[in-house]
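Heads up, the thing below is written out as structure tokens.
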Amino acid sequence: MARVFLCFAAFFFVSSGAVAVNLEYFETKGAAFVRMSGKIEAGDSEKVISSLAAAAERQTDNRKIIGLALDSHGGSVIEAVRISEYVETAKTPVVVTQQASCESACFFIFMSSPAKFVAHGARVGVHSVSLNGKENADTSLMTVRIARLARSAGVPQSVIGKMVTADPEEMHYLSDNELKQMSVSFLDDDDNPAQTRPVPPSPAVAQPAPLAPQAPAATPQPSGSVTYNAPGTPRPLAPQPETDVLEQQRRAEIKAAQDQNFARYWSQILGWSKAQHGGTLASERRCNKSNCATVVAYFDRQQRYVEAWRYDEPPQGSGVKLVCRQTPDAPRLSCKDWYDEREFSIDYTHQIGEDRVSSGADLLDFLK
């Protein structure tokens, strides 16, 4: 789709001849980056692509992540789309660091990556297309085509609307929620399970006594790849008879907050897993006769292998959610239930996506 778009764009986009982007190569412990800053001008796509390809070639032996750090207010649409084609094909992670910006044409590069990372304080902005600051029938048609390209890249409808309706000189900066809808991960968010903020008890309602452990549930055995040493995966706590409506409401509020935190955590680790496994999500579907779980693998900041388990919701499944981390006693994972924080250990025989892993948590350490 981008190639068709380029053929159309080439008819009326003319370079201003301004200074080209500045390219800087740097490395972290397990990642290599090309930082692209400044205005995107004619010929810049070739320079950026060559720099990324050279960085990848240089890192063949030690398999470092190759990322593109963006800090540009835009420029040539043609050049930006050419860069975006490479980023999409090579599955290059993109990063917008704190105090950096990715606006206008730069957004085409950003949206094309399967692994997008942003720091709080960075600015990602969009607006409609113009030619030398003016709109006409051609630029309007270009805007429509860009909107279609954005839709195919998973850009939220609210953002596409701004790309179509915002004046060329009026920048719309994406909110955290809009970025998350694009599967963007925030570099400065913690990867540990988000602890639920305590919900104040309702007036005149005492804190509940600890709930007794439930009988172990049947646990999926994924074709011999995982064996549980513990009694099994704990089931969600069975509903307790309640005589106090306010107490029921309090428990419902806690559960809703836990679900919201897990959804945020899950969205975040999808981006990390893709970035750490060559742009492809490292996941497996594990089932037994009565229960199924989706398991996503990634590496945390301590370079530990982590599996996040999300069981199907009732009535199809148990609804259990687990976070299992590698222990020094390999090959074992220490698991914690998201809801009641009970812990147990499991054995494992392989790491999901181990044939595609490019690095541990180096993208997560980018700002350190």
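A few remarks follow.
- If only residues of segment 52-103 that are within 22 Å of the chain's Cα centre (by Cα) and of a type in the set (D, E, K, R) are counted, the one that is nearest to Gly279 (Cα to Cα) is Lys91.
- Each residue in segment 89-132 was checked for being β-branched (Val, Ile, Thr), part of a helix (DSSP H, G or I) and touching a residue at least 24 places away in the same chain (Cβ under 8 Å), and 1 of them qualify.
- Some residue of segment 323-332 being in the same structural domain as Ser283 (by TED's automatic domain parsing), surrounded by fewer than 20 Cβ atoms within 10 Å (Cβ to Cβ), at pLDDT 90 or above and not charged (D, E, K, R): no
- Checking segment 314-322 against the condition returns a match, with at least one residue being crowded, with 16+ Cβ neighbours inside 10 Å, of a type in the set (A, V, I, L, M) and in the same structural domain as Phe262 (by TED's automatic domain parsing).
- Identity of the residue in segment 287-296, more than 13 Å from the chain's Cα centre (by Cα) and surrounded by 19 or more Cβ atoms within 10 Å (Cβ to Cβ), that ends up farthest from Phe262 (Cα to Cα): Asn291
- Residue, farthest from Gln303 (Cα to Cα), within segment 22-37, restricted to residues that are in a strand (DSSP E or B) and under 22 Å from the mean Cα position of the chain (by Cα): Met36
- Contact map, segment 251-264: first residue surrounded by 15 or more Cβ atoms within 10 Å (Cβ to Cβ), second residue aromatic (Phe, Trp, Tyr) and not in a helix (DSSP H, G or I), Cβ cut-off under 7 Å, separation 6 or more or different chains; pairs are Gln258/Trp338; Gln258/Tyr339; Phe262/Trp338.
- Listed by first and then second residue, the pairs linking a residue in segment 288-317 that is modelled with pLDDT under 90 to a residue that is of a type in the set (Asp, Glu), with Cβ atoms under 6 Å apart and 6 or more places separating them unless they lie on different chains, are Asp300/Asp191.
- Per the listing Arg304, Arg285, Arg264, the residue uniquely touching a Cys at 6+ places or on another chain (Cβ under 7 Å), at negative phi and not aliphatic (A, V, I, L, M) is Arg285.
The values are calculated or read from the model by the stated rules, or taken from the named source; none is laboratory data. This one's a predicted model, so the numbers in the text were calculated from it and none came from an experiment. Positions of Cβ are backbone-derived with ideal geometry, glycine not excepted, and every protein chain shown enters the neighbour counts.
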